[in-house]
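Take this structure, written in structure tokens, and hold onto it; I'll ask about it next.
What follows is calculated from the coordinates using simple rules that are stated; it is not laboratory data. Every value quoted in this text rests on a predicted model; they were computed, and no experiment measured them. Glycine also receives a Cβ, built like all others from the backbone with ideal geometry; neighbour counts cover every protein chain displayed.
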Amino acid sequence: LRVVLPAAHPARPGGGRVGEEGGGRSGWPAAIVCPGGGYKTLAPHEGGPAARWLASLGVVALLLRYRLPPDHPWPAARDDLLAALDYACSAEAARWRIDPSRLSVLGFSAGAHLAAHGLSASLRAAVLVYPATADATGEAVRTTAAAAAEVARGSALPPVYLVSSTNDRVCGAE
């Protein structure tokens, strides 16, 4: 994980005063950013800029550098995301002063597909930007209907903002 801190964050050189918390709450909001790249690479035009943008809004951004096939076949990337989610809520991450109740995920393309695999009720929100429609094993991502069925069974999911495009040749809106 690469951590990108807001300018006012006390752990950042020249940042806020020690003891100061984000937004007057018990800690800072945070987001794990999962760049796309088709599970072949990590797209630099998605991860870094998104992490810096989030930090400019006062969000601690955790840029996930997940493992890729063929050296690390699925579910290695998913395991990396789950480890990052655990880390963000751990005592080890306390230096970043993250409020675990304000943790979200943001993913692009393959990274959005990956973020969908980390959805849980403990997240504040998820933003999935043009998510891939199949994972590295060829298994389809859970559909809206499947997610609705989970909710009907009592499973809670965070609010999800899904972005897709009708002119996307790879992951079109369906």
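Can you give me the long-range amide H partners of ALA132? Hydrogens built in the peptide plane at 1.01 Å from N, cutoff under 5 Å, separation of 5 or more residues or another chain.
SER109, ALA110, ALA112, HIS113
Separate question: Evaluate the Kirkwood expression for the hydrodynamic radius of the stretch 84-129, namely the inverse of the mean inverse distance over all pairs of different C-alpha atoms, and round to one decimal in Å.
In the stretch 84-129 this quantity evaluates to 11.0 Å.
Starting from one equal scatterer on each C-alpha and no solvent at all, send me the Debye-based log10 I(q)/I(0) for the stretch 32-107 at q = 0.12 Å⁻¹, two decimals.
With no solvent term, the Cα-only Debye profile gives -0.34.
So what J values fall out for the stretch 110-125 if you push phi through Karplus, 6.51 cos²θ - 1.76 cosθ + 1.60 with θ = phi - 60°, rounded to Hz, Gly and Pro as x?
4, x, 6, 4, 4, 4, 4, 6, x, 4, 7, 5, 6, 7, 6, 6
Using modelled backbone amide H atoms (1.01 Å from N, in-plane), which distant-in-sequence or interchain residues come within less than 5 Å of ILE32's amide H?
Counting only residues 5 or more places away or on other chains, the set is LEU62, SER104, VAL105, LEU106.
Given 0.36 nm per residue, what is the gain on full extension from ALA83 to ARG95 after removing their alpha carbon distance, in nm? Before the final figure, lay out the partial values.
Values: separation 12, 0.36 × 12 = 4.32 nm, distance 1.74 nm.
2.6 nm is the gain from fully extending ALA83 to ARG95.
Ok, one more. What is the set of long-range amide H partners of HIS9 at a cut-off below 5 Å, with H atoms built 1.01 Å from backbone N?
Excluding prolines and chain starts, which carry no amide H, the hits are GLY16.
Once phi is turned into θ = phi - 60°, what whole-Hz ³J(HN,Hα) does the Karplus curve with 6.51, -1.76 and 1.60 give for every residue of the stretch 47-63, x standing for Gly and Pro?
Each residue of the stretch 47-63 in turn: x, x, x, 5, 5, 5, 4, 4, 4, 5, 8, x, 10, 6, 9, 10, 7 Hz.
Relative contact order of the stretch 50-94: what whole-number percent is it, with Cα pairs under 8 angstrom and at least 6 residues apart?
Relative contact order, the stretch 50-94: 24 percent.
Residues of the stretch 40-68 with the amide nitrogen closer than 19 Å to a label point 7 Å from the Cα of LEU1, along Cα-to-Cβ, please.
Within reach of a label on LEU1: 47-68.
If you don't mind, there's one more thing I want to ask. What relative contact order, as a whole-number percentage, does the stretch 76-128 give when Cα pairs under 8 Å and 6 or more residues apart are counted? Intermediate results must be reported in sequence, preceding the final value.
Numbers: 53 pairs, mean separation 19.0, N = 53.
Computed over the stretch 76-128, the figure is 36 percent.
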